[in-house]
Amino acid sequence: MTGARHLVVYAKAPRMGRVKRRLAADVGVATAWSFYRASLFKVLAGLHGGGRWQRWLAVTPDAATEDCRRWARAWCPLPQGSGDLGARMARTMQDLPPGPAVIVGSDAPDVHADHIAHAFDALGRHDAVFGPADDGGYWLVGLRRRPRVPPAFRGVRWSTDHALADTLANLDGLSVAMLETLVDVDDGAALDRWRTGEGRQFTGVGREM
């Protein structure tokens, strides 16, 4: 790999009523907000990496970019910009300085630095890496971005059980590695699965495609 390693955490500003709306429909606004704040800060605290990667925090709404300096001082703020999730992630992958890039969300509380290290190791041998979620989506996506950035996120059906499959279809012909499956907490059922500890044991890179 050439260039610095870039880790980007995608997050919403932790404002009550503005985050985890699907979860809030099941457990209430206050509980959803409390979970989101705890998950976000746990993820940020656990991914410092000891200087092994450059840390970016991609925030929405863009107006919250400066505010995040108060609660994520060690992270470089980055506005997500406009468009759906795919458009925003594609823009991030295109605009970052040279080097492999990994994007994670803040909805998988059990992601930690070992996951990120394994993802970057996988990008030394593969074009892309995913951390699949148990709902058909993914909690991590990484691209080598060399010799070009593939159109990984074009036409993906977000917030459905097709998200990972759609993204993989966009990468047809490229080499892909998979990490372990984690619970991505988007609704009450996923919160219950996470609380019972399903899928929470780290096992490293699981398989290659």
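The values are calculated or read from the model by the stated rules, or taken from the named source; none is laboratory data. Since the structure is predicted, the reported quantities are computational estimates derived from the model, not experimental observations. Backbone-built Cβ (ideal geometry, glycine too); neighbour counts: all protein chains shown.
Looking only at the range 154-192, filter to residues that are of a type in the set (D, E, K, R) and not in a loop (DSSP other than H, G, I, E, B); which one of those is surrounded by the fewest Cβ atoms within 10 Å (Cβ to Cβ)?
192
From the set of residues in the range 115-150 that are among the aromatic types (Phe, Trp, Tyr) and within 11 Å of the chain's Cα centre (by Cα), which is nearest to residue 43 (Cα to Cα)?
Restricting attention to the range 115-150, the residues satisfying the condition of being among the aromatic types (Phe, Trp, Tyr) are 120, 130, 138-139.
Imposing the further condition that a residue be within 11 Å of the chain's Cα centre (by Cα) reduces the set to 130, 138-139.
Details: 130: 17, 138: 15, 139: 12 Å.
This residue is 139.
Filter the range 128-153 for residues that are part of a loop (DSSP other than H, G, I, E, B) and modelled with pLDDT of 95 or more and give the result. If you could, list the steps in order and put the result at the bottom.
First, the residues of the range 128-153 that are part of a loop (DSSP other than H, G, I, E, B): 134-137, 144-153.
Those that are part of a loop (DSSP other than H, G, I, E, B) and modelled with pLDDT of 95 or more: 144, 145, 149, 150, 151, 152, 153.
With a cut-off of at least 1 residues that are at pLDDT 90 or above and either surrounded by 21 or more Cβ atoms within 10 Å (Cβ to Cβ) or at positive phi (or both), name the strands (runs of 3 or more DSSP E) lying wholly within the range 1-117. It would help to see each step written out before you state the result.
Working: elements: 6-12, 54-60, 76-79, 101-104.
Passing ranges, in order: 6-12, 54-60, 101-104.
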